Amino acid sequence: MNVVRMCASVVGIAVYLACPALPGRAQAQTTQQHVVGPEELNKQAARPTESRQANENAIRHLLSSDEGQKALKSANVDYKRIDNAIGQLSDEEVSKLAERSRQAESDFAAGFISAKTLAYIIIAIVIIVVIVVLV
């Protein structure tokens with residue numbers, strides 16, 4: 001009987017000591033799963049800059065294309081001035097104009113719009129850039 005009591009006591013003590021440790025271990029594992037490393041933080045910090053740069057490049061690509069240069073020349077607009085103005089736009093404005101630029105290039109390449117329509121779109125983008133920067 002003493003052996004049974006002793007075993008029960010040992011098991012009881014072991015359970016008592018082990019139980020509080022289990023939630024702590026689970027919490028530690030959960031915490032470790034949610035920790036973001038410095039590399040990930042750097043990537044997240046760089047994303048807006050990379051996104052803006054890609055968007056600015058999309059606008060500049062359209063404006064520097066043959067069709068873009070023709071449209072700018074016909075409107076007597078200096079590419080360098082518009083290029084500088086693009087850098088003054090907000091991230092949201094750059095994003096919207098980049099989407100329009102990409103769509104216009106895609107539509108033109110697919111034959112959905114003519115060179116004349118593309119020129120109108122380019123001029124519209126230039127006008128938007130100028131208005132936004134001046135206002």
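The values are calculated or read from the model by the stated rules, or taken from the named source; none is laboratory data. Computed from a predicted model, the values in this text were never measured in an experiment. Using ideal geometry, Cβ is built from the backbone for each residue, glycine included, and neighbour counts are taken over all protein chains shown.
Numerical summary
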read-out: Criterion violated by ILE113 - all others in (1) more than 22 Å from THR49 (Cβ to Cβ); (2) assigned to a helix (DSSP H, G or I); (3) modelled with pLDDT of 95 or more satisfied; value: (2)
read-out: Among residues of the stretch 72-84, those that are surrounded by fewer than 17 Cβ atoms within 10 Å (Cβ to Cβ) and in contact (Cβ under 8 Å) with a residue 12 or more places away in the chain, counted; value: 4
read-out: Any hit, the stretch 91-109, residues being outside any helix (DSSP H, G or I) and either farther than 20 Å from GLU50 by Cβ or modelled with pLDDT under 95 (or both); value: no
read-out: Unique residue being under 34 Å from the mean Cα position of the chain (by Cα), modelled with pLDDT under 60 and surrounded by 10 or more Cβ atoms within 10 Å (Cβ to Cβ) when the list is GLN27, GLN44, GLN69, GLN53; value: GLN27
read-out: Cross-chain or 6+ apart pairs with Cβ under 9 Å, the stretch 112-128 first and in contact (Cβ under 8 Å) with a residue 60 or more places away in the chain, then outside any helix (DSSP H, G or I) and surrounded by 16 or more Cβ atoms within 10 Å (Cβ to Cβ); value: ILE122/SER65; VAL126/VAL77
